[in-house]
């Protein structure tokens, strides 16, 4: 794995100095959402070639890959005007990614309401899935034209909540430019936590071909849900995930999530030590 970190989880410094600090901490890539970078913008009208090339050169100078350009907007909102605006923002990010050299544009899969809030019956319904697929298709078609990967991240509390649901989206859209961000913890909730390793195995089995990037964090089960945290601070066994990456996905980008500036390096070392142990 090439281990990276979410840009907005790092210590706040001037942009280029912040990139140097990320590299100094031993990371090789980042997951960046422009809307979460102080002083930067994700407004589609501002996503010019010059802006993209500035970022491309800054990341190259810091010797960092942009693993993911994040665009986490709801493609299942019932508000038609908001939906069109969101689709336009995705397309602007896709153009931008093609110029800045990002590995992919990453997104989650929304909820069938304007608040992007979890309602199990509504989110997990077939109607919600049909809406999501319909609204994702033109975004993927645009990605094909621009030669960019769009990667969806299955999340239990969203519409694409399971590996099988993700497999259906992939099979029905049927595009090489639609792939998967595999976040094991995000596939869990109170309903399936006890079966977590079976969930991971199913995801790696039926989504293997399309998994193009991994998010890594730890977790514990609490009364009100699954609480996530930096790797090494919870109770997750990463054995099957590391075996999968070592055997099936060499050099895949894997970004840490839910770290803090004071535990990010320890989380990276924790995963790398496990990875090295599996390779011996």
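Only the coordinates and a few stated rules stand behind these numbers; no lab work does. All values reported here derive from a predicted model rather than from experimental measurement. Heads up, the Cβs are rebuilt from the backbone with ideal geometry, glycines too, and the neighbour counts pull from every protein chain shown.
List of remarks:
- Between residue 195 and residue 23, full extension at 0.36 nm per residue minus the direct alpha carbon distance yields a gain of 58.3 nm.
- Debye intensity ratio in log₁₀ form over the Cα atoms of region 159-204, taken at each q of 0.22 Å⁻¹: -0.76
- Label-point gap, in nm, between residue 220 and residue 119 - each point 7 angstrom along Cα→Cβ: 3.3 nm
- With 10 Å bins beginning at zero, the pair-distance distribution over Cα atoms of region 2-279 amounts to 7, 29, 37, 23, 3, 0 %.
- Cα-based values for region 124-199, radius of gyration first and Dmax second, are 13.1, 42 Å.
- Approximating the spin labels as points 7 Å out from Cα along Cα→Cβ, the residue 137-to-residue 164 distance works out to 2.4 nm.
- Segment residue 260-residue 126, extension gain: residue separation times 0.36 nm, minus the distance between their alpha carbons: 44.5 nm
- Volume of the Cα convex hull of region 18-66, divided per residue and given in Å³: 74 Å³
- Cα radius of gyration and Dmax for region 80-159 (Å): 13.1, 40
- Per-selection Kirkwood Rh - region 67-215 (Cα, Å, 1 d.p.): 15.2 Å
- Computing Rg and the Kirkwood Rh from the Cα coordinates of region 24-114 gives a ratio, Rg/Rh, of 1.01.
- Between residue 36 and residue 240, the distance separating the two model label sites (each 7 Å from Cα on the Cα→Cβ line) works out to 2.7 nm.
- Distance-filtered residues of region 11-25 - backbone nitrogen under 11 Å, label point 7 angstrom along residue 272 Cα→Cβ: 24-25
- Helix-only mean residue ellipticity at 222 nm for the chain, each DSSP H run of n ≥ 4 adding -39500 (n - 2.57), per residue, nearest 500: -13000 deg cm²/dmol
- Tensor-based shape of region 168-280 (alpha-carbon gyration tensor, a/c under 1.5 rounded, otherwise prolate or oblate): oblate
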